[in-house]
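The values are calculated or read from the model by the stated rules, or taken from the named source; none is laboratory data. None of these values were measured; they are calculated from a predicted model. Note that each Cβ is placed from the backbone with ideal geometry, even for glycine, and that neighbours are counted across all protein chains shown. Heavy atoms of the whole protein, side chains included, go into the accessibility calculation; ligands, DNA and RNA do not. Shrake-Rupley method; radii C 1.70, N 1.55, O 1.52, S 1.80 Å.
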Amino acid sequence: MVVTGAAGFVGSHLVRALARSGRPVVAVDLAPALGAGVLEGLEGAAVTYRQGDLRQPGFIEETLTGAAPQGEPVDLAHLAALTRFHGEVSPTPDQALEALAVNAETTWRLCRVFHDLSVGRLLVIGTRSVFGRRPPTTTPLAEDSSYAPAGFYGSSKAAGEVGALAFGEEYGMDLALARITGVYGPWQPHRTPVSTMVTDACEGRPHHRSEGGDQQFEFTYVKDIVAGLVALLGAAALGHAVYHLSSGRMAPLGDVAEAVRAARPAADIDLGGGFPEGAWLRSPLDVSRIAADVGFTARWSLTDGVADYLDAMESGGYGAEAVDAGPPSA
């Protein structure tokens, strides 16, 4: 099993879940090593870390052949992506081109190598940002909804998705795409409304915002995301090429504040209602397909997810494992 973007947020959790299940994992990333705690308590985990750039000539080939030296099938979960300007930071033109090179061209090249080596299942991780410019609706977005990406991140990811799906269809590859959204949880490196509230509560800082409590998001706990990825990787066969993987539930930001206060009553959180100026209105993803095909449904409620997140931040431990039955109240 190979995981690209293995030192990233979701990648780190996926590596842990796969290692805990006993699968040998080759973890690949630009970072010098996996983060502290990723494999804590997993003595004897068969994880090999390989630092490198997927754009480097021969790197993908060497990684895949090395992961299956006897010619046996090897699966690959492709999470590597350039996200550093996803959000409020505007990229330079050169950075915009780099996003295309990493998020689209590298994905296409990886598909080519995967095809040439005739290996196992390729699971490409996508994003709901490919729908960023679609008008919001209460009707969930189906997997075959038309693309309408926002910004360079969404556009580059859409280009990567389109190419990967074309490879899978044209050459009959065992390839699937999993679009994820609203992910939160331990080890999240960038600031989000959830991570900011949780961090402030852990560090005893007040969290006061005059507005935004009514803005809706599709919050999905990272351990649910990983459980869904493991289910897609482990299925004997998949009936579709594209799956939406999320909680499938919209909730206002004010519910996050309530979840933090429920877990830590002393937390000083004051969140006003309404919507911030220019707020991005979102639509939920339709998650019925992944439930029907592999039996996956999100188990972590926002209340349980935030509580587990807080416990992990404060203790440094991992808490409930991603591939276990779910939170205690499930």
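When ALA166, ALA96 are screened for being at pLDDT 95 or above, assigned to a helix (DSSP H, G or I) and surrounded by fewer than 18 Cβ atoms within 10 Å (Cβ to Cβ), only ALA166 passes.
Taking residues in region 307-324 that are outside any helix (DSSP H, G or I), and partners anywhere that are open to solvent by 70 Å² or more (accessible area, probe 1.4 Å), the pairs with Cβ atoms closer than 8 Å and at least 6 places apart or on different chains are GLY317/GLU40; GLY317/ASP311; TYR318/GLU40; GLY319/ASP311; ALA320/PRO328; GLU321/ARG20; VAL323/ARG20; VAL323/SER21.
Quick one: which of VAL113, VAL119 is open to solvent by less than 40 Å² (accessible area, probe 1.4 Å) and part of a loop (DSSP other than H, G, I, E, B)?
VAL119
With the checklist (1) modelled with pLDDT under 90; (2) of a type in the set (Val, Ile, Thr); (3) open to solvent by less than 40 Å² (accessible area, probe 1.4 Å) in hand, flag the one item VAL102 doesn't pass. In the conditions (1) modelled with pLDDT under 90; (2) of a type in the set (Val, Ile, Thr); (3) open to solvent by less than 40 Å² (accessible area, probe 1.4 Å), VAL102 misses (1) alone.
Meeting the requirement of 2 or more residues that are among the hydrophobic types (A, V, I, L, M, F, W, C), the strands (runs of 3 or more DSSP E) wholly within region 1-67 are 2-4, 25-29. Among residues of region 36-57 that are under 28 Å from GLY319 (Cβ atoms) and among the acidic types (Asp, Glu), those with a beta-carbon under 8 Å from a residue that is open to solvent by less than 80 Å² (accessible area, probe 1.4 Å) and part of a loop (DSSP other than H, G, I, E, B) at least six positions away or on a different chain give the pairs GLU40/GLY317; GLU40/TYR318. Only one of the numbered conditions (1) touching a residue at least 12 places away in the same chain (Cβ under 8 Å); (2) over 21 Å from VAL226 (Cα atoms); (3) touching a Lys or Arg at 6+ places or on another chain (Cβ under 9 Å); (4) open to solvent by 30 Å² or more (accessible area, probe 1.4 Å) is violated by THR63, and that is (4). Filter region 187-241 down to the residues that are of a type in the set (A, V, I, L, M, F, W, C) and in a loop (DSSP other than H, G, I, E, B), then identify the one that is most open to solvent (accessible area, probe 1.4 Å). Taking the candidates together, the pick is ALA236.
Out of ALA262, ALA298, one residue alone is open to solvent by less than 40 Å² (accessible area, probe 1.4 Å) and either small (Gly, Ala, Ser) or on the phi > 0 side of the Ramachandran plot (or both). It is ALA298.
Within region 252-302, the set of residues being farther than 20 Å from THR199 by Cα and not in a loop (DSSP other than H, G, I, E, B) comprises LEU285, SER288, ARG289, ILE290, ALA291, ALA292, ASP293, VAL294.
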